[in-house]
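Have a look at the structure below, then the notes.
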Number of protein chains: 2
Amino acid sequence: MTTPPTRTGRGRPPRLDPVRTIETALALLDEGGLDALTMRRLADAMGVQAGALYRYFATKEDLLTAMAERILAQVSAPTAEEGGSADWSARLSALARSLRLALLAHRDGARVFAGTHSTGPNTLNLADSGIGILRGAGFDDADAARALLAVVHYTVGHTLEEQAALSPAGEAPAAPEVLREAVTAAGTYPHLTATLPILTSQDHADRFEFGLGLLTRGLLTRA
Amino acid sequence: MTTPPTRTGRGRPPRLDPVRTIETALALLDEGGLDALTMRRLADAMGVQAGALYRYFATKEDLLTAMAERILAQVSAPTAEEGGSADWSARLSALARSLRLALLAHRDGARVFAGTHSTGPNTLNLADSGIGILRGAGFDDADAARALLAVVHYTVGHTLEEQAALSPAGEAPAAPEVLREAVTAAGTYPHLTATLPILTSQDHADRFEFGLGLLTRGLLTRA
DNA sequence: ACCTGAACACCGTTCAAGT
DNA sequence: ACCTGAACACCGTTCAAGT
C-alpha cells in the first residue's frame, strides 16, 4: 500500500508509458477534437518533449490506431447474460448498438475508428463475436462475414455523420439550419422539402435503429 | 474561334477561377491522396501564391466541400430510362451503386465526402431523388427519409473502408496480410479464422451488393 | 480587383547529444 | 534506456502592399 507507484524494474521509471499516453491522448481528444490532438500538445500534457513520444509510437497513425483499439474496449461482446439467451438478431443488434455507443463515448470517436485499422484484441473480439452470432444462427461463412461487415460499415457511416453534426458545438449555423436554408431557397426539391422535419431531426438513436432494423430484417429473409 | 480564352469582363482575366481550382485540386487528390493535398501545393499547381486561394475559398474545408460537391456530379439520378421503368428497389440500388462509383472515381473520394457537408445541387439532387423513389413506392415521409439516410451511410462506410484498403498502394504489408497474421497468431478467434478467406477477399463489389441487398430486402418487408 | 511577399503560429518527424 | 534540444521540411491563414 505504501510502495511507490509502479516500480517494476531497476533504473528510474520512465515518465512515458504507452497506456497512460493513450489515455491522455483520449482526454485531449475529448477536450478539443481530433484536429486539436497534436503530438506536440500530447507531449506537453505528458510533461515531455515531442520527440520522446516516438520511442513508443513510430508515427501519429500508430498512436491513433492504439486509441481506436482502446475506444473499442467499451464494446461489450454479448457473451454475458444480457444477450446470451436472446435470439441472434437481438444479439447482433446489441453488438451494433454497443459499437455506436463506444464511438460516441469520445469526441470524434468514429473518425478515429474509421481512419485506422487496428488488429488488437478488442477489434478482433468484436468481429469474432459478431460473426459467431451469425454462424451460430445457421448462416454460412460467407454470409456471416459479409453481414457483420455490412453492420459495422453502416454503424460507422451513421456515427460519423452523427458526430459531424455534433462536433462544431455552436460555431457555424449548424447543419440543420444550413440544409433547411438551401432546400427552401432552391425550391426545386419536393421530396427534401416534404421530409425536412425528419432530415433535420436530432433523434439519432431513432435513425440508427431504423437502418439497423433494415439490415436485421433483410438478414431474416435469408435465415 | 480566335478570341482569347474567356474574356468576359474588362480588366485582365483572373488567373484563378473556382471551377479550374476545384478541378486542379481533384487532380492533385488523385495523384497523392488527401494527405498530400495542401493549399500550398494547390497554389503551386495554379501558378499562384498560397494566400491567393483565400479570395475564392475562405478555408480549406470550403475547398474540400466544393470538391465533394463536384465528385457527386458523376452520380446519375435514375430519372432517365435506365431506372425510370424499373421497380423502386432496383432504382434505389442503382442510386447507391452510382454513389459508390462516384466516390471510387477519385482517390480518397469517400474521405472527402465523409469529411464535408455540401448543400450544393448535386448533393441535394442525390438525396431528393433517393427519397423520391421511396415516397413514390408508398413509404411515408419518415420511413423514406430514414431509409435513404441508411443507404447513404452504409455506402459511405463501406466505400471508406474499401478505399482505405486501397490507398496505401504497396507501402505497408497491406491490410489482408496483417489481419491474417494477427488472427492466426492469437489463435483465439474461431469465427475469424473460419471466415478469413471472405474477410481478406478483395471482391468489394460483392461485399457492397450483399449489404445493399440486406437494406433493400429489409425495406421490402415494410412496403 | 486580384495577387504578391512576408510573416505568424503552428505541424510531424529525426537524431545527435546528454544523463 | 530514456529523454532533451534543436533542427528540417513543411503546414493553414492573414494582411499590408503593389499593380
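Can you tell me which condition B:T119 does not meet? The list is (1) part of a helix (DSSP H, G or I); (2) within 7 Å of chain A (Cβ to nearest Cβ); (3) free of Cβ contacts under 8 Å to residues at least 40 places away in the same chain, and all the others hold.
(1)
Per-residue answers, yes or no, for (1) in contact with an Asp or Glu (Cβ under 8 Å, 6 or more places away or on another chain); (2) within 7 Å of chain A (Cβ to nearest Cβ); (3) among the aromatic types (F, W, Y):
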site	(1), (2), (3)
B:P176	no, no, no
B:R180	no, no, no
B:T184	no, no, no
B:L192	yes, yes, no
B:T195	yes, yes, no
B:F208	yes, no, yes
B:L212	no, no, no
B:G218	no, yes, no
B:A223	no, no, no
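Kindly provide the set of residues from the stretch B:9-43 that are among the charged types (D, E, K, R), within 13 Å of DNA strand C (Cβ to nearest atom) and more than 25 Å from A:D35 (Cα to Cα), ordered by number.
Within the stretch B:9-43, B:R10, B:R12, B:R15, B:D17, B:R20 meet the criteria.
Conditions: (1) more than 8 Å from chain A (Cβ to nearest Cβ); (2) more than 23 Å from A:D203 (Cα to Cα); (3) not in a loop (DSSP other than H, G, I, E, B). B:R107 meets all but one. Number of the miss?
B:R107 satisfies all of (1) more than 8 Å from chain A (Cβ to nearest Cβ); (2) more than 23 Å from A:D203 (Cα to Cα); (3) not in a loop (DSSP other than H, G, I, E, B) except (3).
Can you spot a residue in the stretch A:127-142 that is part of a loop (DSSP other than H, G, I, E, B), surrounded by fewer than 20 Cβ atoms within 10 Å (Cβ to Cβ), in contact (Cβ under 8 Å) with a residue 24 or more places away in the chain and not assigned by TED's automatic domain parsing to the domain that holds A:I22?
yes
Say whether the condition of being over 20 Å from the mean Cα position of the chain (by Cα) and over 30 Å from B:P197 (Cβ atoms) is met by at least one residue in the stretch A:144-152.
Taking every residue of the stretch A:144-152 in turn, none turns out to be over 20 Å from the mean Cα position of the chain (by Cα) and over 30 Å from B:P197 (Cβ atoms).
The values are calculated or read from the model by the stated rules, or taken from the named source; none is laboratory data. Treat the numbers as computed from the prediction; the structure is a model and nothing was measured. Cβ sites come from the backbone with ideal geometry, for glycine too, and all protein chains shown count toward neighbours.
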